[in-house]
Amino acid sequence: MSEQTIDHPLGQPKIDPNQADPRTLIFANYVDPATLHTVPMQMDFTTMVKKPWRRMGNWTLSDCTCAAAGHMIECWTANTTTEDIVLTREVITAFSALTGYDPETGKNDVGVNYLDALNYWRNTGIGDHKIRAYTKVDHKDYNMVRAAVYLFGGGYLGLNLPNTIIKKDIWEVMPGGLTGDRAPGSFGGHAVNIVAYDETYITCISWGKVKKLTWEFLDTYCYALFAVMTDDYLAEGKTPLGLNLAMLEADLLNIAKHKKTLQKQLNTVIAGSNNGGDSGAIAAAAGTKGGRGGSNAGAAGSRGGNGGQKAGKGGAVAGRGNSNAGKGGAIAGKGQAIGGKGGGKGGRGGSNAGAGGNNSG
């Protein structure tokens, strides 16, 4: 199918309305409201970009979440040092790692959730570029949207697009209500990067082209907006005015330490389970590695219970069938991100998951 007959890609990203991560940082928590008046009402980062925008495979593949990252890297580097061209194969490499996509056969061309793409970008990198962090932005607070784009040199935007955007360079809310072709998601999900804004429009890069959307369109069809922190933009002396980077870095460190602690606990539990009885796993009453009544002991006594389990009442990492989770707890203490009845990778009797959890990290 040629570009003359269609003005949108064939592939779309995967949108999971339940995907959330309680560890995701909130942009507004790190901005001094007293400095918002210094943010300009219009900003354009495209003036420094000299190379043409490219699709990065997002005409026939569902790799928009990775292509948007590639476009952001190009825009950042163009505005700080030397414009770095992110190759299409580098974007597809990230897409393949996230989905199992095979360029030879075309198998597994499926969409990628936004958080999964951002976490891969932070942990592994795309085109030799890693990000330091990302924070979620309230897209209905226009002052915060402008501040995020201005302070971080752009924005990572997820949209639930309507069919009315097809063959349009300006995306706006059409009259008649949000039904039919005007309904959010009637076209599908899409990730783009914001490169400019003014009082009328937000400018983004989509499928290698410049698109403009009204603020009302953002308010209506935005799925998620993230401010992305990277050395590509901040390392060249661009200290964001009014942004508490020290606090943000401290919160990131706390998240990292918490993840390491949980991983150590998980490894200890698995080792104990492997050395246990028929269905045994070592668990503490209502706690991670302990709780009321001491560690490795339950209300029915240690080294006892049905099937020879060493588990306590409500313990984590125990249960029928030698599963690694107990009713109401999965390797986590009070308020921890990983664990809980009805968790993301397991429900009652499930394993290693938290309520509403996901596989990002």
ask   = Considering 80, 60, 5, which residue is at pLDDT below 85 and surrounded by fewer than 21 Cβ atoms within 10 Å (Cβ to Cβ)?
value = 5
note = A careful count of residues in the stretch 140-155 that are surrounded by fewer than 21 Cβ atoms within 10 Å (Cβ to Cβ) and touching a Cys at 6+ places or on another chain (Cβ under 6 Å) gives 0
Checking residue 20 against (1) farther than 24 Å from residue 197 by Cα; (2) at pLDDT 95 or above, the condition it does not meet = (2)
request  = For the stretch 24-43, name all the residues that are exposed (fewer than 12 other Cβ atoms within 10 Å of the Cβ) and modelled with pLDDT of 90 or more.
outcome  = 40, 41
ask   = Within the stretch 176-189, is there a residue that is within 15 Å of residue 68 (Cβ to Cβ), outside any helix (DSSP H, G or I), at pLDDT below 95 and in contact with a Phe, Trp or Tyr (Cβ under 8 Å, 6 or more places away or on another chain)?
value = yes
task = Examine the stretch 83-95 for a residue that is at pLDDT below 95 and polar (S, T, N, Q), and state whether such a residue exists.
result = no
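Conditions tested, residue by residue: (1) touching a Cys at 6+ places or on another chain (Cβ under 7 Å); (2) closer than 17 Å to residue 227 by Cα; (3) assigned to a loop (DSSP other than H, G, I, E, B).
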| residue | (1), (2), (3) |
| --- | --- |
| 29 | no, yes, no |
| 37 | no, no, no |
| 41 | no, no, yes |
| 47 | no, no, no |
| 52 | no, no, yes |
| 57 | no, no, yes |
| 62 | no, no, yes |
| 68 | no, yes, no |
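The values are calculated or read from the model by the stated rules, or taken from the named source; none is laboratory data. Being a predicted model, the structure only gives us computed values, none of them experimental. Don't worry about glycine lacking a Cβ; one is built from the backbone with ideal geometry, like all the others, and counts go over all protein chains shown.
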